[in-house]
Amino acid sequence: MTANQDAGDSVLVAKEFLAPKVTKYVVRAPDIARRRRPGQFVIVRSHAESERIPLTIADGDAEAGTITLIVQEVGKSTAEMAHLMRVGDRFADVLGPLGMPTHIEKYGRVIAVGGGIGIAPLHPIVQGLRAAENEVIGIIGARTKDLLIMEDEMKRACHSLRVVTDDGSYGVKGLVTDAIQAEVNATGKPDLCVAIGPLVMMRAVSNLTKELGIKTLVSLNPIMVDGTGMCGGCRVTVHKETKFVCVDGPEFDAHGVDFDELQRRQRFYTPQERGSYDLFLKDHPHDAKNCKLHKMADAAAAERGKETK
Amino acid sequence: MSTGHDKAVTPKIDLPVGAEPNLSNKERMAIPRQEMPQQSAEARIHNFLEVPLGFDENTARIEALRCIKCKKPTCIDGCPVGINIPGFLTKIAEGDFAGGARILKEDNILPAVCGRVCPQEEQCEKVCTVGKKNAPVAIGRLERFLADWEREHDMVQPLIPGAPTGKKVAIVGGGPAGLTAAADLVRMGHKVVLYEALHKPGGVLVYGIPEFRLPKKIVEFEVRQLEKAGVELHNSVVIGQTFTMTELQEKFDAVFVATGAGLPYFMNLVGENLNGVYSANEYLTRVNLMKAYDSHADTPVAKSKNVAVVGGGNVAMDGARTAKRLGADNVYLVYRRTRKEMPARVEEVEHAEEEGIKFFFLHNPIRYEGDADGRVCKAICERMELGEPDASGRRRPVPTGEFVELEVDTVVVAIGNGPNPLIPRTTDGLATKKWGNIKAEKKSGRTSIRGVWAGGDIVLGAATVILAMGAGRVAAKSIDEYLKTGDWPEVTLDG
């Protein structure tokens with residue numbers, strides 16, 4: 001309807017397939033790139049009829065005027081981004097940076113835990129923590145080797161790094177919680193734990209660190225509409241108080257988060273989401289065998305495998 | 001479709017071309033208030049099309065003839081923006097609709113909006129002299145008629161920008177206050193840049209008020225007029241996040257903050273975060289802005305059989321009527337006082353009632369229960385009774401200790417909104433009230449920061465479209481004075 005002078009800026013400048021269903025998008029968004037701090041997110045619509053989806057900012061380059069989003073294809077909107085957007089295309093809107101930045105100070109020793117695509121937003125937080133003279137121990141995990149992203153970047157950013165996979169196809173077989181326990185056993189209790197990943201992972205980490213008495217921050221990614229405090233759809237109970245993730249978060253004290261409630265709220269639209277996704281896949285058939293994207297991802301994974309050997 | 005008239009029969013009146021028939025006051029008073037045709041309740045609960053269908057030209061002229069042209073037109077005082085009401089009524093009576101629209105637009109840039117959503121019965125029509133004996137002149141419906149006529153006949157006078165002053169003004173928020181200020185400021189010759197956080201400008205006019213009460217194409221049309229006049233619109237920019245107020249102050253000669261009441265209140269009840277419990281903002285935004293009423297839209301909204309809407313204002317009515325249109329079997333309107341205390345417009349309450357909304361007056365939700373999937377399944381409400389009047393002058397609802405359970409799968413909480421925190425919390429030195437509303441001087445909209453104005457719901461708390469427009473107008477005038485003189489007299493902050 002209205003010409004949006006800013007939308008012209010939101011061009012997809014690079015796109016890279018990191019792992020099956022995981023894509024990296026570099027988006028021109030100079031104003032956001034200049035202002036964003038670790039921990040913040042954007043709301044994106046890839047086209048004018050799309051829903052508004054919140055995505056954590058994985059990285060940014062103020063000079064180049066770009067931000068990086070690492071997105072897992074989980075439904076129609078993320079599938080549209082992955083399959084229909086080409087480099088040079090414009091997003092209808094990219095709004096942000098939203099939410100409060102991570103509170104970074106000198107804590108001492110910090111364990112930074114990333115699971116799946118949660119490793120992406122964890123990376124700039126680790127860099128920030130390191131710049132603030134913390135000793136950062138990284139723990140990253142994925143279901144399987146192919147799904148592990150940003151190992152090299154994390155290796156560079158952290159003082160030490162533990163890698164786990166659920167199936168043992170890479171690194172140590174186990175969950176990130178096993179690695180936390182192992183790290184604590186080896187080096188003692190850290191001053192802070194930061195965990196970003198799937199809700200089940202953050203919950204498990206929270207349960208463990210509560211037991212161990214380690215202060216823990218988690219970054220929540222609930223369902224949202226506007227992202228500016230207006231709808232309240234993203235509300236979450238923290239220490240028995242209702243908070244809006246978009247303006248009060250997205251990071252909270254893990255030990256106060258009502259994960260049961262959050263998980264339930266996440267699943268509210270699952271039937272509709274699944275329906276839309278199925279329809280999309282039907283309209284855009286691409287089986288894994290013939291899919292160019294999957295092949296590229298496989299090749300990239302093989303390449304990374306070679307490097308690390 | 002009903003075209004029912006008042007019981008009194010409209011006398012036969014000749015309507016000469018281009019002139020007002022010569023009628024005595026007695027003859028004018030004998031004309032009954034003209035009814036506006038509307039979609040029947042049975043039809044409209046299955047669609048999102050507008051309910052009242054508007055006057056035709058003859059009906060409009062006859063209704064306008066009911067004005068007895070008081071020497072001291074009280075209706076003008078009753079209008080928050082002081083529209084020359086008798087002036088445009090006379091033009092309608094003459095059949096000069098373009099002329100009427102010109103008069104109307106002098107004081108109101110959004111008449112098609114106000115003609116639909118203003119509470120005229122509390123304003124201009126409340127103090128109409130005709131209304132002392134008979135039903136008041138249907139000023140609101142005539143306002144809407146003129147605006148629609150002008151637009152539909154492609155006769156809209158373009159907004160003419162004033163001679164360039166070289167000054168730049170930033171407006172934060174594209175709702176009624178921001179749009180009004182933008183129009184006035186551009187007319188005064190200032191360069192106007194408007195920042196809107198959502199992907200479409202219009203604020204509550206696009207995300208809140210449903211299509212069946214205010215078609216979105218009307219808002220789009222009005223916004224386009226501003227753009228044609230040179231107002232620069234930037235959607236999807238959140239001030240306080242994308243840019244700070246300090247940055248705006250550096251880039252602009254003045255900043256007007258009109259960010260609205262954008263933080264929904266909840267009641268802190270057990271079960272309020274169950275699935276299917278929405279703020280009215282979320283429910284309406286999903287349906288209006290994100291078009292969830294269209295099953296092909298990408299943004300979903302809950303499918304509901306039994307819906308409880310909590311609250312008694314216009315937003316609650318919008319929520320209830322929306323739920324009905326989305327296919328709910330039962331929609332309960334739960335309000336802790338009685339019909340008399342409801343802040344909603346009478347017309348909205350009547351429309352809701354016609355559409356089969358079930359009113360639960362003197363009930364207040366105290367707890368929600370959920371099913372195994374975490375979806376709300378029950379609203380437990382306490383019966384209330386009215387006690388002594390409270391600070392607002394309305395009788396205070398008092399709990400009785402008696403409870404009822406409503407089986408519901410969706411709850412829409414429409415008990416109001418607080419101010420959005422993004423600007424106050426990122427702007428040093430901006431004085432705010434206890435609950436975070438920005439403090440501004442009533443007569444000018446000036447805030448505690450030199451060169452920064454505020455108006456609309458961010459100052460007033462949740463109020464009305466027309467009051468926000470009035471605040472936009474007041475601020476524009478004060479901004480213009482400041483830009484001309486550079487004077488910033490001592491500010492007397494309200495509240």
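The figures follow:
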item	result
Taking chain A and dividing mean pair separation by its residue count, relative contact order in percent (alpha carbons under 8 Å, at least six apart)	17 percent
Gyration tensor verdict on the range B:413-495 (Cα atoms; rounded if a/c is under 1.5, prolate if a/b is larger than b/c, oblate otherwise)	oblate
Most fluctuating residue given options A:Glu63, A:Glu183, A:Glu105, as computed from a GNM of chain A linking Cα atoms under 10 Å	A:Glu63
Fewest-first ranking of B:Trp488, B:Trp149, using other Cβ atoms within 10 Å as the exposure measure	B:Trp488, B:Trp149
Around A:Arg143: net Lys/Arg minus Asp/Glu count, Cβ-Cβ under 12 Å	0
Projected-area average for the range B:25-152 over all orientations - Cα convex hull basis, square nanometres	7.9 nm²
Mean residue ellipticity (222 nm) of the protein assembly as shown, computed from DSSP H runs ≥ 4 via -39,500 (n - 2.57), nearest 500	-9500 deg cm²/dmol
Exposure proxy order (Cβ contacts within 10 Å, fewest to most) of B:Thr322, B:Thr464, A:Thr144	A:Thr144, B:Thr464, B:Thr322
Model label zone, A:Glu211; criterion: amide N under 13 Å from point 7 Å along Cα-to-beta-carbon; scope the range A:235-274	none
Nonlocal amide H pairs with A:Asp93, under 5 Å, H built at 1.01 Å	A:Arg45
Among beta bridges that DSSP assigns inside chain B, antiparallel share in %, nearest 5	40 percent
Equivalent ellipsoid semi-axes, the range B:266-415, via Cα gyration tensor eigenvalues times 5, rooted, Å	25, 18, 12
Long-range Cα-Cα pairs in the range B:371-473 (distance over 17 Å), rounded percent	69 percent
Anisotropy class of the range B:174-312 from Cα gyration tensor, a/c 1.5 cut	prolate
Average beta carbon contacts from partner chains per residue of B:278-287, 10 Å cutoff	4
Normalised per residue, the volume of the convex hull around the Cα set of the range A:119-220 (Å³)	92 Å³
Shielding of A:270-282 by partner chains, average beta-carbon count, 10 Å	2
The range B:332-426: translational diffusion in µm²/s, Stokes-Einstein, Kirkwood Rh over Cα pairs, 25 °C, 0.890 mPa s	160 µm²/s
Karplus-derived HN-Hα couplings along the range B:343-360 (A = 6.51, B = -1.76, C = 1.60, θ = phi - 60°), whole Hz, x at Gly and Pro	x, 5, 5, 4, 4, 5, 5, 5, 4, 4, 4, 4, 7, x, 5, 9, 8, 10
For A:89-97, mean number of other protein chain Cβ atoms within 10 Å	3
Whole-Hz couplings from phi, Karplus 6.51/-1.76/1.60, listed for the range B:286-292; x for Gly and Pro	4, 7, 7, 5, 9, 6, 5
Residues whose placed amide H lies under 5 Å from that of B:Phe243, excluding near-sequence neighbours	B:Val238
Cβ crowding within 10 Å averaged over residues, with B:71-83, A:16-28 ranked highest first	A:16-28, B:71-83
Förster radius 41 Å - calculated FRET efficiency between B:Lys217 and B:Asp371 (Cβ-Cβ, nearest 0.05)	0.55
Per-residue Cβ neighbour rank within 10 angstrom, fewest leading, B:Ile109, B:Ile366	B:Ile366, B:Ile109
Whole-Hz ³J(HN,Hα) from phi, Karplus 6.51 cos²θ - 1.76 cosθ + 1.60, for the range B:310-323, glycine and proline x	9, x, x, x, 4, 5, 5, 4, 4, x, 5, 6, 5, 4
Percent of Cα pairs exceeding the 27 Å cut-off, where the set is chain A	41 percent
For the protein assembly as shown, the spread of Cα positions along each principal axis, largest first, Å	99, 65, 56
Built amide H within the under 5 Å cut-off of B:Ser279, gap 5+	B:Val413
Percentage of interatomic Cα-Cα distances in chain B larger than 43 Å	18 percent
Selection from B:Gly99, B:Val51, B:Ala30 lying farthest towards where the dipole of the range B:25-152 points positive, charges on Cβ	B:Ala30
Relative contact order for the range B:297-390, counting Cα pairs under 8 Å that sit 6 or more residues apart, in percent	25 percent
The range B:379-435 - Rg and Dmax from Cα coordinates, angstrom	18.1, 49
Mean separation of Cα contacts under 8 Å (6+ apart) over length of chain B, as relative contact order %	14 percent
Cα lying deepest toward the dipole's positive end in the range A:11-82, options A:Phe17, A:Gln40, A:Val27, charges on Cβ	A:Gln40
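Any read-out appearing in this document is the output of simple, stated calculations on the displayed coordinates, not a laboratory observation. None of the values given here were measured: they were computed from a predicted structure. Cβ: placed from backbone, ideal geometry, glycine included. Neighbour counts: every protein chain shown.
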